[in-house]
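Written out below as structure tokens is the structure these notes cover.
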Amino acid sequence: MRTSFDFSPLYRTTVGFDRIAQILDAANQAQTGNNNYPPYDIEITGENQYTITIAVAGFLENEIEIHSENGVLQVRGKKEKQPEKQKFLYQGIAYRSFERKFQLADYVKVLGARLEHGLLQIDLLKEVPEAMKPKKIEINSTKAIEQATV
């Protein structure tokens, strides 16, 4: 049995962490939805590079939409209705529409996407601005600091 968590205390006890609370909230809703279609992988392909691979067998390029907005990558697949004249003895391939959302970390941008052999691959790159990268601070004598302020 899964229980639902209430993240509202995070909103009233933190300042500036709204995005974290929203991510936790969205992850909790995705867990309770239990939607595993279509299956996907998230792969680390380099120091700051990632690839999301989604199994979209049977979908054409024009049936898939990819949008990135406000830190959310959204992938939608809309399959056209299959002709009614087909009769199946067994139909195990799911040609149903889908929607997948991925929360992107700050400074992650989408480089591009490609569809090959029923796999949709979306390449991502994390570009941290120079101002946000760690810097080594040299220790100077007080004499050097006094000279710099004059």
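Bear in mind that the values in this text are calculations on the coordinates, not laboratory data. Values in this document were obtained by computation on a predicted structure and should not be read as measured data.
Return the Cα extents of segment 39-85 along principal axes one, two and three, sorted largest first, each rounded to a whole Å.
51, 23, 15
Suppose we keep just the alpha-carbon trace of segment 37-149; what are its Rg and Dmax in angstrom?
Looking at segment 37-149, its Cα Rg and Dmax stand at 23.2, 89 Å.
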